Amino acid sequence: MRQKQLSLGNVQRLRAFRRKEEIKMKFFVDTADIGEINELNTAGLIDGVTTNPSLIKKAGRDFKEIIADICKVTEGDVSAEVIAIDQQGMIEQGKILAKIASNVVVKLPLTGDGLKACRALTAEGIKTNVTLCFSANQGLLAAKAGATYISPFIGRIDDIHTDGMELIHHLRVIIDNYDFKTQILAASIRTPLHVRDSAIFGADVATVPPAVLWGLLNHPLTTKGLDQFVEDAKAADIKI
Ligand code: E4P
């Protein structure tokens, strides 16, 4: 089904677009835990961070302090979500969050007020991440409002027995059709397959929980091969 949807024309267009813009897929980590971020940084695995109020609750510290700490150890974009749900409140909170550090991206819900706030903050040069996207039409509206990122929630769509990855594909086609600058940030990623398919379907970014990111490393043949090398090195008394 997915293969059929990804027609040859689209693949060619996507490749041409990629070459022209020299876009490389980025990994963000979906956590507010500074220890987890530091560990992933040591391995050079992440290009940015996303948070949401649920992750902040889990971290159990002051919201603005957490964002400031994350921004200090992260070179790329760090998403921080407003808690207001009205346009004016979101704009005010967005401006406060954007002052924390130059790499803060203001996360806004995909509602009418959220899109108005997106437009206003974008006009002031503040980066935005429009979140809770569950349909291609919602994504199209966010792109039209000037969102820096649109966050389709793959896992939560899969949770209701619908194909989350199809949304990534539809958004890729729509954004490329009209050359919107909005980047597709695949979110609510739960498994290594979500990461692989996000790359196949052309998401610009995947935001991945730390356990899933480290899980990408796992392969039984790597473990088996390494065990054998360690054993043989010992048997051969290799010293370096
Ligand atoms: C990231 O921006 C989202 O808030 C996050 O990926 C949601 O993931 P969940 O559906 O696993 O909570």
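Some values worked out for this structure:
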quantity	calculated
Subset of segment 62-87 (residues that are more than 16 Å from the ligand (Cβ to nearest atom) and free of Cβ contacts under 8 Å to residues at least 24 places away in the same chain)	D62, E65, A84
Answer residue from segment 57-95, given it is assigned to a loop (DSSP other than H, G, I, E, B), among the acidic types (D, E) and under 19 Å from the mean Cα position of the chain (by Cα) and is surrounded by the fewest Cβ atoms within 10 Å (Cβ to Cβ) among those	E75
Test result for T191, of a type outside the set (G, A, S) and either within 16 Å of the ligand (Cβ to nearest atom) or touching a residue at least 40 places away in the same chain (Cβ under 8 Å) (or both)	yes
Segment 175-209: number of residues that are under 19 Å from S79 (Cα atoms), open to solvent by 10 Å² or more (accessible area, probe 1.4 Å), assigned to a loop (DSSP other than H, G, I, E, B) and of a type outside the set (K, R)	2
Enumeration of residues in segment 10-45 that are of a type in the set (V, I, T) and at pLDDT below 95	V11, I23, T42
Residue match in segment 132-146 (condition: free of Cβ contacts under 8 Å to residues at least 60 places away in the same chain, closer than 22 Å to V105 by Cα, surrounded by fewer than 24 Cβ atoms within 10 Å (Cβ to Cβ) and within 14 Å of the ligand (Cβ to nearest atom))	yes
Count of segment 152-174 residues which are within 9 Å of the ligand (Cβ to nearest atom) and open to solvent by 10 Å² or more (accessible area, probe 1.4 Å)	3
Segment 38-48 - residue that is of a type in the set (A, V, I, L, M, F, W, C) and touching a residue at least 60 places away in the same chain (Cβ under 8 Å) and, of those, nearest to the ligand (Cβ to nearest atom)	I46
Cβ pairs under 8 Å, 6+ apart, first in segment 96-124 and closer than 18 Å to T207 by Cα, second part of a helix (DSSP H, G or I) and of a type in the set (V, I, T)	V104/I67
Restricting segment 113-133 to residues that are outside any helix (DSSP H, G or I) and over 15 Å from the mean Cα position of the chain (by Cα), the residue that is farthest from I91 (Cα to Cα)	G125
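The values are calculated or read from the model by the stated rules, or taken from the named source; none is laboratory data. Bear in mind the structure is a predicted one, so any value in this text is a computation, not a measurement. Cβ coordinates were reconstructed from backbone atoms using ideal geometry, including for glycine residues, and neighbour counts include every protein chain displayed. All accessible areas refer to the heavy atoms of the entire protein, side chains included, with ligands and DNA or RNA removed. Shrake-Rupley method; radii C 1.70, N 1.55, O 1.52, S 1.80 Å.
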